[in-house]
Amino acid sequence: MSEPPSPGIHVVTDSFADISAIIDGIVHVHASCILDDGTLATFLPPLSHSQLYQWWDQRVSEIGRGERQIIVSLSNVKDRTTEKDVSAPWNDEGRTWPVTRSTSSSIDQASPAPGTANSTETELEVSGVVSLATPFSQTGPFRGLVEKLFVSPLHRRRGIAKQMMAKLESVAMGLGRWSLMLDTVVGLEAERVYPRLGYEKVGFVKEYGYSPVDGRLVDEVWFWKDLRKMKRLEL
Ligand SMILES: CC(C)(COP(=O)(O)OP(=O)(O)OC[C@H]1O[C@@H](n2cnc3c(N)ncnc32)[C@H](O)[C@@H]1OP(=O)(O)O)[C@@H](O)C(=O)NCCC(=O)NCCS
């Protein structure tokens, strides 16, 4: 059954209402993290909306095969944390930040039921995403790779990354994937964020990938957490 969109942290499933709008939102957040933050995230500018969309569509199809989990955060447009005019990645092509709509009753239990005279619509947008790759492995069925942690520049510094990672850890434990690894470019903000989330720095890989900023080779730093032994994030 289709679930109506509501603000909060969600595990993406086949039953998501309007999955194409969710993917579109994810694609915009992904692109902005590449263009505005210099994140090493598979693609280099100039970014193609259709290429990123197709890529995420394939990642979503991995959910059904048990190879991946995707956690998404939906937020009210009115709750944006920045007053800055952060332009959408494909603004020049006429694509603004994608917005989906939700009825008030799915947000606030005290509100009137949808379809009633007093029900109202709320504008929601994808404010963050993170994914857990759970590849087949007989030698390491307990390992998971945390990939593509992105928070929209419109919704930073209010705990969305932390909440999504808490959900991811809970999902990972449920799947028996207790050894999590993740990586980021040396010197980016995320290098300071992962220790705050309880991840231990394990080492560096020199010249790991091409920077989207200037095409130069940049170094990557890897983190790790054993969810059985190290403090897990709380939902
Ligand atoms: C890194 C990123 C995901 C953080 O998202 P966020 O929702 O703003 O983070 P949160 O509000 O959940 O903060 C989590 C913790 O990190 C800290 N933190 C967040 N941004 C920080 C920054 N720029 N510098 C230092 N600490 C920071 C917070 O204070 C918090 O710690 P606390 O709970 O001890 O106070 C976001 O800035 C982002 O998407 N950056 C670009 C993409 C990227 O680098 N992704 C990761 C690698 S692929």
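No lab work stands behind these numbers, since they all come straight from the coordinates. A quick note: this is a predicted structure, and the numbers were derived from the prediction, not measured. Positions of Cβ are generated from backbone atoms using ideal geometry, with glycine treated the same way; all protein chains shown enter the neighbour counts.
If the chain linking K229 and D36 were pulled fully straight, counting 0.36 nm for each residue of separation and taking away their Cα-Cα distance, it would gain 65.9 nm.
When the Cα positions of V218, Q58, S20 are compared along the charge dipole of the chain, V218 comes out farthest toward the positive end, with charges on each C-beta of Lys, Arg, Asp and Glu. Estimated purely from DSSP H runs of n ≥ 4, each contributing -39500 (n - 2.57), the mean residue ellipticity at 222 nm for the chain is -8000 deg cm²/dmol once divided by its residues. For segment 1-52, the calculated P(r) over all alpha carbon pairs, in 10 Å bins from 0 to the bin holding the longest distance, is 22, 43, 28, 7 percent. In terms of its alpha-carbon gyration tensor, segment 147-235 comes out oblate; a/c meets the 1.5 threshold, while b/c is at least as large as a/b. Our estimate of slack between F204 and E67, defined as 0.36 nm per intervening residue step minus the Cα-Cα distance, is 46.7 nm. Quick one: pull the percentage of alpha-carbon pairs in the chain with a separation above 24 Å. In whole percent, the share of Cα-Cα pairs in the chain beyond 24 Å is 47.
Antiparallel DSSP bridges in the chain: what percent, to the nearest 5? Antiparallel: roughly 90 percent of the beta bridges in the chain.
Counting only Cα atoms, I'd like the Rg/Rh figure for segment 31-104, Kirkwood definition for Rh.
0.99
In plain terms, the chain from S87 to A17 could stretch by 22.5 nm, reckoned as 0.36 nm per residue minus the Cα-Cα distance. Site-free segments of the chain were taken between GluC sites (Glu not before Pro) in DSSP loops having at most 15 other Cβ atoms within 10 Å, sites themselves excluded; the longest one is 84-188.
Using only side-chain charges placed at the Cβ, +1 for Lys and Arg and -1 for Asp and Glu, the dipole size of the chain relative to its Cα centre rounds to 940 debye.
The chymotrypsin sites (Phe, Trp or Tyr not before Pro) found in segment 133-235 that occupy coil by DSSP, while having at most 12 further C-beta atoms within 10 Å, are F136.
Of all segments of the chain bounded by trypsin sites (Lys or Arg not before Pro) found in a DSSP loop with no more than 10 other C-beta atoms within 10 Å, the longest spans 85-156.
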